[in-house]
Each structure stands twice: as C-alpha cells, then as structure tokens.
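The values are calculated or read from the model by the stated rules, or taken from the named source; none is laboratory data. None of the values given here were measured: they were computed from a predicted structure. Here the Cβ positions follow ideal geometry from the backbone for every residue, glycine too, while neighbour counts run over all protein chains shown. Accessible surface areas use protein heavy atoms only, side chains included; no ligands, DNA or RNA. Shrake-Rupley method; radii C 1.70, N 1.55, O 1.52, S 1.80 Å.
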Amino acid sequence: DEEFNELCFEFGLELDEITSEKDIISKEKGEEKAKGASDTVLYKIDVPANRYDLLCLEGLVRGLQVFKERINLPRYEKIIPAQGEGQRLIITEKTVQVRPHAVAAVLRNITFNKERYDSFIDLQEKLHQNICRRRALVAIGTHDLDTISGPFTFTAKAPSEIKFRPLNQSQEYTASQIMDLYRTDSHLRHYLHLIENKPLYPVIYDSNGVVLSMPPIINGDHTKISVKTRNVFIECTGTDITKAKIVLDIIVTMFSEYCEKPFSVEAAEVVYPNGKTHIYPELAYRKEKVKPELINKKIGISETPSSLAKLLTRMCLKSHVIGNGNNIEIEIPPTRADIIHACDIIEDAAIAYGYNNIQMTIPKTYTIANQLPLNKLTELLRLDLAAAGFTEALTFALCSQEDIADKLGMDISATKAVHIANPKTAEFQVARTTLLPGLLKTIAANRKMPLPLKLFEISDIVVKDPNTDVGARNYRHFCAIYYNKSPGFEIIHGLLDRVMQLLEVPPNEENGYTIKATEGSAFFPGRCAEIFAKGQSIGKLGVLHPDVITKFELTMPCSALEINIEPFV
C-alpha cells in the first residue's frame, strides 16, 4: 500500500484512502446497514479533472505501466471498413434546435467479463459527470450492434410520436410518459430538464425503426449491452462537437485493448444534414515542438534534451530530440486532450522528473518578508484579550439575513450586506456586516456552560462599497461579549479601556479616545455609547436590548462591544 501510495504521488495523483464497501457504508449509515457488504479492499484515487484518460482502471494501469517503463505506449489505430460495409449515422436537420452534433464508432469483437463490463459502464458515468457537464454538453450511448442494423438515423420528433421500451423496463412508453416515469428516479431526474421544454426530443433509430436511445435521458432496452456483447456501437450526441469527439476518443482508446485486434477501432461515417460526411473517431495524433531550455527554465532544472524527451515519453507523450538537440518533438496521442499549450507539456515533464527532486533554491531577488501589519496587530490583540479572561470564538463569515437585520432590530437594506446569489441553506445567505450575531449564536450553543461567558472574536466583516473594484470592502472588527445574571456593562467598558491602553491611545479628546451616549437598535435605550478615536467613530458598546437577547434564544442580560481596529494599524 505504501509503495502504491508513493507511485501515485510520483505520477501526480493522490491515493485518497484505502477502504472497502463495508467501511464506506458503516461510516455513512452506521454498522447495522453495513452487514453483508463486501470486504474487498478499494483504493480511492484522486485524479486531476483534466486527465480523462485516467478515469477508468484500464487507462490508469496503462498510464502507470508506461510511467514505470514496463510497456511502450500503445498505438491506437482506426480501421476504415470497405465502401458500403461500415456503419453510418445520418443526422437530420430537425436536430439543430435540440442537440445538433453526433459522433459514432464501433468496437469489434470485444471480449467483456464482469470487471471489464462494470468498468466500461463506470467510465461513461464519470465522463457524464465531468467533461459532459451532467450530460448537458455530451451524452453517451453504447449499444449491442448485433441486435440492430444500420444505417442509423439521428433525428428529433414530437414527444408523443416517440415510443419504445426504455432500459430495464418491461413495457413500451411514449417520450412524455418516460419523462413522468423518471421524474422520481433519483439518478435520471437530474437530466430531464435538458430537453423537457423543447418541442422536439432527439432520438436515434436503426434502419428498421428500432429506437437505440433518446439522448440525453435513456437508451432503449432492445440494444442494451451485456457481458456477452461482442460488437459495441458507440454514439455520442451533444451540443459541443469538440467535447463529443474527446469523449468518443477516450472511450474507444480505453476499451479497444479488449478487442480481438488490440487498440484498433472500427470507424463509422457520420452524414450531416448538408450532405457532407465525416469519419469518426478522429484518433488524431499531432506533433508539437518545445525547446529543451524552455522546459529546464520553467521547471528550474538542468537536464539534457535526451533525458527530457525520455521523461516526456514516460508520461505517454512520445518524444525525441531533433535538430542537434535544439528542439524536442512531442507526439500527442488522442488520449491527451488536456495538452493545449507548451506549458501542459512542461508540467508533465516536471511530474516525471519528480516535484520532490527539484532543488530548492534561494530566489535571485532579495526581499525580506514581513507579516501584514493588520494581521500582526490582530495576533497581538488576541493574546492580550485572552489574558484579560476572554475566550476566543471563530464563527462563520456567512450568516442568514435575520441574524444581521431582523434579530438586531434593523432593516436588511440598511446593513449594506453582500448577498449570495443562490444560497444552498438559509443559514448562509449574506456575508456578515457585524460580528455580534456570530458570538450570540455561540453563546446560545453553549448555554450549558457555567456563567459568566466572556467571548471575543477578531475577524473580517464585509460591506458593499461602490468605490472599490469588486464592489465590496472588508473591515477587521473586534467584538467582545459578556453574558451573566447581571449585564456587566462595567466589565465591557473595562475591556475597552484595556484595549486602548494596549494600543497606547490615551483617554482624552485631542489625540485619544472618548465615548458619547447614543442610541442603537440592538442596544437598551440609555445604555449605549459610541466610541470615537483618531477623530472618527470606530464602534459602539452597551447593554443589548432584551428583544435581541430573546431572538437569539438567550435568557440572561448581556453587554457587548464592537469596534473597527483598522485605524490603529
């Protein structure tokens, strides 16, 4: 396990955890539910989102074997059948409004077993979630070619005119009934919105009118593949032709190793509405040139051109040195759609070299690092507030609208709060404009603790500010709260004096701080003061209003202080 963990790390992956189905279920649902689940060891591996070729066991093993130099990178080839013998997919112009693009290919004489079959289905699912953007951009259909006969037609029809038996169902339904049938399906209901409001639904037929699939929702049951399937027809329909080609390339390159002639794919012809034809899959190899000195400079190493070429070859990018060592020519295989720019090639060279093997060097520019003054002040204050007997709390920067407005007796429009566009929960609707609600919620959660409760927090608050480039501004606030059987105004006032003493601000009007009586919606009338320092108002202190205390589900009196500490930096 340790060796494998190391290998993953060297290859730029992360072995997340070593677990089993039983462990996963018992963690999520408890031991009872886990009884009878499998004990087989599972490796949970984190794959970067750009490496679609590592999303299945076949691709991952192939990648690691090439990396370990145990095998050479296979050469993928497409076999173009003789004229009139290959499969054809004809696209009609009706599809333009719904899903205009389609690509297709055939895996001939493939041998599945249970593991391979499961991996085949699982890869489609992972691609659907990732590059296909939950089937919005591309939907994959795989069919048993021996149950149907081409040419195939990709068209769009009114929902009432489409009728077939969906995958794993016992009877026929029309497209509208299928939509209703899957509205409650935990897996498929997420995809219904993609076509449900369109006048026509996309559908693929064979030459006898058998429905292969209604993308992006469900395949027909007639063409479903099983472990015994020998010939697989793969179609990818979508709204993005580039992504559709990538998805098709990934599926056929991963599983063509199980064909009778390994790594060969039978091409299919796609006929467009304008009569033009195109052969898929493209399986395009392309050449790129990168200068060795550029690779060395960007990574910070000094390798010879030939050793750089060797490093790249280990990363599935077959490379060799050309032109007296001035250039490296790299062949990019169809599995590596993530190589877009020279920097992607350089990154792979760095991974193969080993990030841990790159020498750490002192930068050429000589600079002395300093802590940000505001953070330094914050750290110093935190220590002394703790010494004054207060306990530090750290609360969420997001809260509900009630917390900063209604519960404090203010209107939400007066708070200048930054709102979250589509909040997942009612608890996180706005960014906090004051630290007070967070501390009051903390006290409410700790009502069982012995009194008095003395809490403080020094953190950022966020308010809208049209004068900044992002439309909002952060302020570092300090808030303290005292909760006991009596309000303890004098304790909070004493804490203010201690903070000012630490900041070396004297208690006078000229160059120090003063407090003046004022009213605040969250405070008890006649028990609230505004604090002035450096010629500006920096905050308030006082006894909280009983309404505020009850709205936060508290029962004792409470006094609080909140100031902006930025003027003292």
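Annotations for the structure displayed:
- Number of residues in segment 367-414 that are out of contact with any Phe, Trp or Tyr (no Cβ under 7 Å at 6 or more places or on another chain), closer than 25 Å to Ser521 by Cβ and charged (D, E, K, R): the value is 4.
- Residue among Thr518, Thr425 that alone is surrounded by fewer than 12 Cβ atoms within 10 Å (Cβ to Cβ) and hydroxyl-bearing (Ser, Thr, Tyr): Thr425
- Among (1) within 30 Å of Ala244 (Cβ to Cβ); (2) open to solvent by 10 Å² or more (accessible area, probe 1.4 Å), the one test that Gly325 misses: (1)
- Residue in segment 24-48 that is farthest from Tyr258 (Cα to Cα), counting only those that are open to solvent by less than 70 Å² (accessible area, probe 1.4 Å) and within 21 Å of the chain's Cα centre (by Cα): Pro48
- Segment 72-99, residues that are out of contact with any Asp or Glu (no Cβ under 9 Å at 6 or more places or on another chain), open to solvent by 70 Å² or more (accessible area, probe 1.4 Å) and either assigned to a loop (DSSP other than H, G, I, E, B) or among the polar types (S, T, N, Q) (or both): Asn72, Arg75, Gln83, Gly84, Glu85, Gln97
- Scanning segment 444-482 for residues that are of a type in the set (Ser, Thr, Tyr) and within 17 Å of Leu496 (Cβ to Cβ) turns up just one, Tyr482.
- Taking residues in segment 141-159 that are not assigned by the TED database to the domain that holds Thr223 and of a type outside the set (A, V, I, L, M, F, W, C), and partners anywhere that are open to solvent by 20 Å² or more (accessible area, probe 1.4 Å) and not in a strand (DSSP E or B), not one pair has Cβ atoms closer than 7 Å while being at least 6 places apart or on different chains.
- Checking Ile45, Ile25, Ile18 one by one, the residue that is hydrophobic (A, V, I, L, M, F, W, C) and in contact with a Cys (Cβ under 9 Å, 6 or more places away or on another chain) is Ile45 and no other.
- Residue in segment 64-99 that is nearest to the chain's Cα centre (by Cα), counting only those that are basic (Lys, Arg) and farther than 30 Å from Leu15 by Cα: Arg99
- When each of Glu504, Glu562 is tested for being on the phi < 0 side of the Ramachandran plot and in the same structural domain as Ile458 (by the TED database), the lone residue that passes is Glu562.
- For segment 466-523, residues that are under 22 Å from Gly409 (Cα atoms), free of Cβ contacts under 8 Å to residues at least 40 places away in the same chain and under 44 Å from the mean Cα position of the chain (by Cα) total 2.
- Applying a threshold of 6 Å to beta carbon distances and a minimum spacing of six or more residues, or different chains, the list of pairs starting in segment 421-448 at a residue that is touching a residue at least 60 places away in the same chain (Cβ under 8 Å) and assigned to a helix (DSSP H, G or I) and ending at one that is open to solvent by less than 70 Å² (accessible area, probe 1.4 Å) and among the hydroxyl-bearing types (Ser, Thr, Tyr) reads Ile443/Tyr483.
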